[in-house]
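S.K.: Questions regarding the structure given below will be posed in turn.
The values are calculated or read from the model by the stated rules, or taken from the named source; none is laboratory data. Computed from a predicted structure; not experimentally measured. Here the Cβ positions follow ideal geometry from the backbone for every residue, glycine too, while neighbour counts run over all protein chains shown. Heads up: the accessible areas ignore ligands, DNA and RNA and are worked out on the full protein's heavy atoms, side chains in. Shrake-Rupley method; radii C 1.70, N 1.55, O 1.52, S 1.80 Å.
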Amino acid sequence: MPIEFQPVPGGGIIGLIGEEGAGVPELLKLAANQPNVIALDHVLARQDAVVRARTLIELNQQRRAGATVLLASHELALLESICDEVWWISEGKLAHKGDPRETVAKYLRHVAEKVRSWGADGAPELAPTFRRGDGRAELVSVETLGSDGRPSMVWQSGEDVSVRAAICFHQRVSEPVIGLMIRTQIGFEVYGTNTELEGVRIGPCSPGQVWIVVFSFRCDLCPRPYTLTLASHDPDGTAHDWLDDAVAITVTDERYTAGVANLRAKASARRSEPATSPLAETSEPSP
């Protein structure tokens, strides 16, 4: 819908969100012309903690005095906590406005879908941070696949995904094991498995043979960047070709989740009647 701005009767803080070029600065300029309106364009992002705290106190004072504050920011959690309403601007129009949490949730769904679409059909570059091995086998390609079976650099949290590796053997190897390790970008090990653990036997392999190994799983990871380490090695761990952080992928989701494992918990609450304390009971007077 076209953007029509009117000051909030009695004052209020309106958060503005949107992608670059969506029209947020234009709305701020338009609003800054009408009386009793304060238009702020990402000012909090440039402030230290002390100045930011003072600014937030002052904004609340202005709201209580009846001013309408328009605050553009990419800090969605901040907007959820201080705003009376959040407006999502898209292509110069108002895509949604209302309750901060509801509007931010809709915007995050849009962002997740857009990022997922951008990563579709994109194969991550094979660029290990460290490579070692005796050369009896070579990992020649690693592909990350989305739920549609097509290459993708971005996974949606909760979708069924796959990692497909091609291994070319240069010497005879009797029992090769192909392994996968998922790590965060700071090196925290999230999940690892290999063909031996999964009961898949490979070999004996002759020089010139190429094997394709696919690991499939549900991507129950929290949104953040990850790396994939892959290796071909003997059952005793002797490496033929070991690629630390061979490829990088990103997991996205429509909502923020802390940590690395997305357990998709459901929360519930009910009011409990206070228990009667024996000390609160009035005793009968003694005769």
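S.K.: Inside region 154-189, can you point out the residues that are among the aromatic types (F, W, Y) and closer than 19 Å to L221 by Cα?
M.R.: Listed by number, the residues that qualify are W155, F188.
S.K.: A further question follows. Of all helices (runs of 4 or more DSSP H) completely enclosed by region 1-85, which ones contain at least 3 residues that are closer than 30 Å to E113 by Cβ?
M.R.: 24-31, 76-82
S.K.: Considering region 209-247 alone, what residues qualify as being within 18 Å of E175 (Cβ to Cβ), open to solvent by 40 Å² or more (accessible area, probe 1.4 Å) and not hydrophobic (A, V, I, L, M, F, W, C)?
M.R.: Listed by number, the residues that qualify are Q209, P235, D236, T238.
S.K.: Considering only residues of region 253-277 that are modelled with pLDDT under 90, open to solvent by less than 100 Å² (accessible area, probe 1.4 Å) and of a type outside the set (A, V, I, L, M), which is nearest to S157 (Cα to Cα)?
M.R.: Top of the filtered list is D253.
S.K.: Here are some conditions: (1) under 19 Å from the mean Cα position of the chain (by Cα); (2) open to solvent by less than 40 Å² (accessible area, probe 1.4 Å). S90 meets all but one. Which one does it not meet?
M.R.: Of the numbered conditions (1) under 19 Å from the mean Cα position of the chain (by Cα); (2) open to solvent by less than 40 Å² (accessible area, probe 1.4 Å), the odd one out for S90 is (1).
S.K.: Out of all the residues in region 99-128, which are touching a helix residue (DSSP H, G or I) at 6+ places or on another chain (Cβ under 8 Å) and touching a residue at least 24 places away in the same chain (Cβ under 8 Å)?
M.R.: Scanning region 99-128 gives P100, V104, Y107, L108.
S.K.: Another one. Of the residues T193, T103, which single one is out of contact with any Pro (no Cβ under 8 Å at 6 or more places or on another chain), polar (S, T, N, Q) and either open to solvent by 80 Å² or more (accessible area, probe 1.4 Å) or within 22 Å of D241 (Cβ to Cβ) (or both)?
M.R.: T193
S.K.: Show the residue pairs meeting these rules: Cβ distance below 9 Å; 6+ apart or different chains; first residue within region 29-57 and at negative phi; second residue among the polar types (S, T, N, Q) and in a helix (DSSP H, G or I).
M.R.: Note: pairs meeting the criteria are I38/Q62; L40/T55; V43/T55; L44/T55; Q47/T55.
S.K.: What is the residue count in region 15-53 for residues that are buried (at least 16 other Cβ atoms within 10 Å of the Cβ) and among the aliphatic types (A, V, I, L, M)?
M.R.: Count: 13.
S.K.: Could you tell me how many of the residues in region 61-74 are open to solvent by 60 Å² or more (accessible area, probe 1.4 Å) and either under 27 Å from R255 (Cβ atoms) or among the acidic types (D, E) (or both)?
M.R.: 1
S.K.: Shifting gears a bit: Pairs, please: C-beta under 8 Å, at least 6 apart or cross-chain, first residue farther than 25 Å from A261 by Cα and in region 187-216, second modelled with pLDDT under 95 and surrounded by fewer than 10 Cβ atoms within 10 Å (Cβ to Cβ)?
M.R.: Listed pairs, sorted by first residue: none to list.
S.K.: Oh, and also: Can you find a residue that is among the hydroxyl-bearing types (S, T, Y), surrounded by 15 or more Cβ atoms within 10 Å (Cβ to Cβ) and either at pLDDT 90 or above or over 20 Å from the mean Cα position of the chain (by Cα) (or both) anywhere in region 167-175?
M.R.: No, that holds for no residue.
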